[in-house]
Structure formats: C-alpha cells, structure tokens
Amino acid sequence: MRLKIGLLLLFIVNLIILFLVEGKLLSILDGVLLAVLGYIIFWAFIKEVNNKFKLLEEFTSKWRQGRYSKVSYYNDKELGKIVDNINHLIEQLEKYNRAITEGEKRLNAILAGIKAGVMVLDREGRVILVNKGLENLFGKLNFTGEPKPLLEVIRNYELEKFLKEALANLKEMTREIEFLLPNSKTILIHVTPLKDEHDQKVGLVAVFDDITEERKLEKMRSEFIANVSHELRTPLTSIKGFLETLLDGALEDKTIAKHFLQIMNSETERLTRLIDDLLSLSKIEAKKVDFAPKPLMLQELVQKMKLLFKSRLEEKELSFIISLPENLPLVLADGDMISQVLINLIDNAIKYTPAGGKIEVSADVKGSWVEVVVKDTGIGIPEESQKRIFERFYRVDKARSRELGGTGLGLAIVKHIIELHNGKVWVKSKVGEGSAFGFTVPIAQQAQKGE
Amino acid sequence: MTARRNFDKALNELENEILRMGSMVERAIYDAVESLAKQDVDLAQRVINGDRDINYLETEIEDRLVTLIATQQPIARDLRRIITGIKIITNLERMGDHAVDIARVTKRIAGQPLIKPLVDIPRMAKISQQMVKDGLDAYVRSDVEKAKYMCSLDDEVDHLYSQVFRELLTYMMEDPKTIAQATSLLFVARFLERIADYATNIGEAVIYLVTGERFDLNL
C-alpha cells in the first residue's frame, strides 16, 4: 500500500518537476521510469539509514548480554556524534566495571588470605559475607551468598547475643566464646561496626580467632605453678612443724630431737632434689642446657649404673640383668644426659619392684636408632595412667610416690632429654606384671666411629 | 498480600527463635556431661539454672505459634511449618530437662571419686550432641537426607547404652558399695539415650515438614 502511494507520489512529483523544467509533458513511459529510479534512490537511502540503526541495535543488544564492545567508527556526520557518545559511554562503563571486578577480586583475595575467620553482617544482623578462614574454623557453613539469619549459619545463642549487642551499641567489642562441636574450641571474636558517611549503621564485621591452644597452654602453666607450690610446700610444712615442736621443748629429749632432725634432713633432701629437678627440667625445656652429643658406648654407661645402684639392688634383693648385644653401635648422644635418663628409669624400677624381682636393661638396633628398654617385674601402671605418666607431677598414686621420695618430675625429665635427642619414649605396662620403659637415641655415623 | 508477608515474617522470626532455643539446649547437654566428667558442681548448677530460660523460651514460642494458627488460619505447608515448630520445641525442652537431670547427678555424686573413669558415657554424649546438631541442621536446610542419616547414629547410642549397662552391672555385682554411684551413672546413660531419641523425633518432624510424609527413624 505504502509502496503504491510512494510510487504514485513520485510519479506526480516527477511530472510536475519535468513540466516546470522542460516546459512540456513527458510521455507516460518516461514518467514511470523516472518514478522507479527515484524510488530506488529513495529506497537505497532508507535502507542505509536502516542499516545504521541495525548496526546500533546489534551492538546495543550485545550489551544486554553483558558484552561491551565499541561501535566501530562510522563515517557519518549525524550518526558519528551519537557513535562517539556511545563509545565514550562504553569506555566509562568498562572502566567502572574493571574497577569493580578488580576491587572484588582484591577483596576476595584479601579475605581468603586472612587466616582468621571473617564474617560481615548487614544492619539487621543477617550474614552477608564469610571467608574461607571461617569455614576452616566451623566446617562447611550453610551459606551461599544470600543474606541469612546468623543462627542458620552458625547456631550459637551466645554469639548471636553478642553480635546483637554490638549492633545495637555500634561500638568495637571483643569477647571469648566457646564453640562445642565437632571439637570444643575457644574463639576470640572482635567486632567492628560499619558506618556510612552520615554515621548511620550499615552493618558489622566480626573477626574470629581460634585461641584454644593459647588457653590450653595458659591453663597448663597455671596448673604447673599450682603443682610446684604444692610440692614445695609439703616438705616445708613438715620441716616447719618439726622445728616448732623442737623449739617448744622437744629439743630437751635427745632421742626425739635426733629423730626429728633426721626427718627434717630427709625432707630437706627432698626439697633439694625437687628444686634440682625443676631447674634441670626448665633448662632442658628452654634449651639452655649444654647439649653436646658425642659418640657414646652404651655398654659402659649401663655398667656404671650397675655400680651406682649396687647397694640398693642388694638391699631389695633385686637381680639386675644387662643384655646388650656386643656389637651394639655407638650412639650419638650426650653422656651426662643419657646417664640421667637411665638413672631416673632404673631408680623408678627399683622403687616400684617388690623384693626378689628382676630388672633388665636391653638394647637393640632399630633402623638408624638404638632402642633401649628398662624392664621390671614391678607393680605396673594402670592403663588410664600410661598416657599421662610423662606429664610433670603426674602420679599414679600421690601418697605412695611421695613416700618413696619421688618428685613427680623424673619421667618428665626423661621425656624432655630424649626429645632433645629427637628420640621417642614409650611405656608398656600391665598392673601386677611389670612395666617396660623404652627410648630411642640416634646411631653415630660411620665417620665418627673411626675415632 | 501484606497479610501474607506478615505471616511469613512472623514465622521466620519464630523459626529463628527455635534455633536459638536449640543452641541453648545443645550447650546445656554439653555442659551437663562436662560437669559430670570433671565433677564440676558450679557448672552443674549453671545448667540447672539455665533450664529456666529454655523453658521460658519454649512457652513463649509455643504461644506465638498458637496465636499464628488462631489469627492466620494457615493451611498445607504453612500449617506444617507451625506444627513442626511446636514438635521441635517440645522435644528440645525435654532434652533440656534431661540435661538438668544429668547435672543433678553431678551434684549428687560430688566429692566421691568416680568408680571408674568415664569412657562410654562421654562417647554417648558426643554422639547425642551430634544428633541434636544434625537434627537442627537438617531443619535449617530442609535436608531430608541428613535427617535420615541420624537413624544410624541412634543405633550407635543404643549400642553404647547396653554396653554401659552391662559394664555397670558387673561393677555392682563385684562390689555393692558401688551400687549407689553406678545406679546414678546408669541413669545418666539412660538420659543420654533418651536425648538421642528426641533428636530422632526432630529428624522425623523435619521429614514431615519437607515431604509431608511420616517416617519412623527410631526402629
């Protein structure tokens, strides 16, 4: 319809123009030809405009899919300006876009790089962001990026209460909260409120720090101090008690006085032993000790032990058996320290083996280590105590150990000395049958053997 | 439209309250067993005092859920959400009561040395706690699989319970002096076994909520 009107219009316009120019009417045929020609030109023009729009449309529809490519230069007065503007807009957009993605990437990298757990909450207290560190602390979290109430992500009412408080007060706050499953953890949480430029609250950043180990160490330290004071006070109280009795008149009675003094003497000895043990333990622990490993013959050391304990072994009628292989290689160890280890182990064995029993020291090569075992036919150690026996001041039976003059530190010293040699200690025992304590020390290298 | 939004908002809030209550009960169970193992009477007393808050929260949530039914007359899934909520808080409240029962045992046997180191009871406690946690996790995530998985954990708790029972029985037969404490410990094991059962109830409620079907986990 439009085509027909167009043609007709062109035809009439042509006729009029020609009539005006030439002053005469053309033939119908000429008119028709001219009209068609005119129409073709007109059509081509429309087509070109159309093409320009199509081009624009194509590019703009790409934008909808998120791909921003520039419109290629178009040599055209009117469209050229538009295209320029569009290109400028795209450049700007791309710049912003890059800035945003880069910022996001940087933020994510920073968040992932932080070992502590990080959580961001919006002003309603919903979780809007968590980092990898938080998942390392709590395991897989029920969070995918959608804002979620805190209790659905981490179900802990104490944490919720704390964060609510922080959100209401808009103050920096710190609190320690214990989390239970899968393993109980003590976590220090520090929150910082987020505010916008008008000081209005936007949300909250919470940083989670696992301080379980620190708390455990602190507890151990304070327990140790409590233990030490207790151990020191016990002999001191007894010395003081006897002293007071002596002053109150017991001094007059020679026999009683002597007896008291003997007790005081043995208590003083115990105190000295305890302090010596404490000092050597703290030295070994602080690695302040002169640790001088040299190639060492274990046979010699063990023979010395036999001499050292001779009288006590005879007193209790204990047999002492040394079964070290003749070709036992030299070990690389500190002689004084290994003597201390053997003394502590054999001393224990003598203390806890009833008269007539047997103590055996044996050794064997295990790879690049020599394993030494001190075995007795003593009273043995209950299973639940075995894993704690190397702890400082741990005693299976407190009263009995003190009666026998133990400080509660002997095995702790053994453990620390052997660990200084990079070796291992172990215990195997059965109540009523006896115990075996073993430790490993490294074999001295061939080169040193030639000495 | 706004009525619908109000309803959703109120229900979401209540579900959040249920999770808070769950967290409090988880803590109570943990502390109760901890107080027993460490013979910590103060901690036991804290558990006993804390139960008041749990009970208060339960009645409050229940009242608000009932009000929702009365004022909104929900149907289908909306109604199931409310009913499930009521079931869950009922079970949580009972668990809280058992935590108190365990804490009372701590107080009763305070000062006496334990007749044996506790091994299986803490193990039972750990699994029961895990079940409570899993049950609530399943609820949060509408996770039917997780709810069904709890079934196998309950078997473990039942197995440990009979083990504890047999062991304590031998102690009592060997030495009548242990009977008083052994009976108390036996009750503790029983309470933990009940807690695990209530946890499976939560699992069943979750399955009902998601699928609308009944499923018996405690076989």
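Since every read-out is calculated from the coordinates, none of them should be taken as a lab result. Computed from a prediction, not measured in an experiment: that's the story for all the values here. Note: ideal-geometry Cβ built from the backbone for every residue, glycine included; neighbour counts use all protein chains shown.
What to note about this one:
- Averaged over A:147-158, number of beta-carbon atoms from partner chains that fall within 10 Å: 5
- Report note on the peptides B:190-196, B:114-120, A:40-46: ranked by the mean count of other C-beta atoms within 10 Å, highest first, their order is B:190-196, B:114-120, A:40-46.
- Selection from B:ASN6, B:ALA37, B:SER23 lying farthest towards where the dipole of the stretch B:1-77 points positive, charges on Cβ: B:ASN6
- A viscosity of 0.692 mPa s and a temperature of 37 °C, combined with the Kirkwood radius over C-alpha pairs in the Stokes-Einstein formula, give the stretch B:2-211 a diffusion coefficient of 182 µm²/s.
- The relative contact order of the stretch A:203-345 comes to 21 percent, based on Cα pairs under 8 Å that sit 6 or more residues apart.
- Assigned charges on the beta-carbon of Lys, Arg, Asp, Glu; the stretch A:114-210 dipole about Cα centre (debye): 160
- Rg(Cα) / (2.2 N^0.38 Å) computed for the protein assembly as shown, rounded to two decimals: 1.61
- Within straight-line cross-link reach of A:LYS171, lysines at Cα separation under 18 Å, skipping those fewer than 8 residues along the same chain: A:LYS161, A:LYS195, A:LYS201
- Residue mean of other protein chain beta carbons inside 10 Å, A:378-385: 1
- Partner chain coverage, peptide B:137-150 - average Cβ within 10 angstrom: 1
- Annotation: amide H-H contacts under 5 Å for B:ASP40 (H modelled 1.01 Å from N, sequence separation of 5 or more, or interchain): none.
- Nearest-20 debye value, the stretch A:219-284 charge dipole, Cβ charges on Lys, Arg, Asp, Glu: 300
- Gyration tensor (alpha-carbon) shape descriptor, the stretch A:206-347, a/c threshold 1.5: oblate
- Tilt relative to chain A, helix A:28-64 - C-alpha long axis, 0 to 90 degrees, to 10: 10
- Separation between Cα centres of the stretch A:105-176 and the stretch B:14-29, rounded to whole Å: 19
- For chain A, the relative contact order is 9 percent, taking Cα pairs closer than 8 Å that sit 6 or more residues apart in sequence and dividing their mean separation by the residue count.
- Under a model in which nothing but the beta-carbon of Lys, Arg (+1) and Asp, Glu (-1) is charged, chain A shows a dipole of about 1180 debye around its Cα centre.
- Residue-by-residue Karplus 3J(HN,Hα) for the stretch A:131-144, coefficients 6.51, -1.76, 1.60, Hz, glycine and proline x: 10, 4, x, 5, 5, 5, 6, 10, x, 4, 9, 7, 8, 10
- Order by protection proxy (mean Cβ within 10 Å, highest first), peptides A:356-362, A:229-235: A:356-362, A:229-235
- Mean projection of the Cα convex hull over all viewing directions, computed for the stretch A:114-210: 5.8 nm².
- Integer Hz, Karplus 6.51/-1.76/1.60 couplings in order for the stretch A:103-115, x for Gly and Pro: x, 5, 4, 4, 4, 5, 5, 5, 4, 5, x, 7, 6
- With 10 Å bins from 0: P(r) over the stretch A:219-284, alpha-carbon pairs, percent: 20, 39, 24, 13, 4
- Shape of the stretch A:286-365, Cα gyration tensor, a/c cut at 1.5: oblate
- The three principal axes of the C-alpha atoms in the stretch A:291-449 carry coordinate ranges of 50, 31, 23 Å, sorted with the longest axis first.
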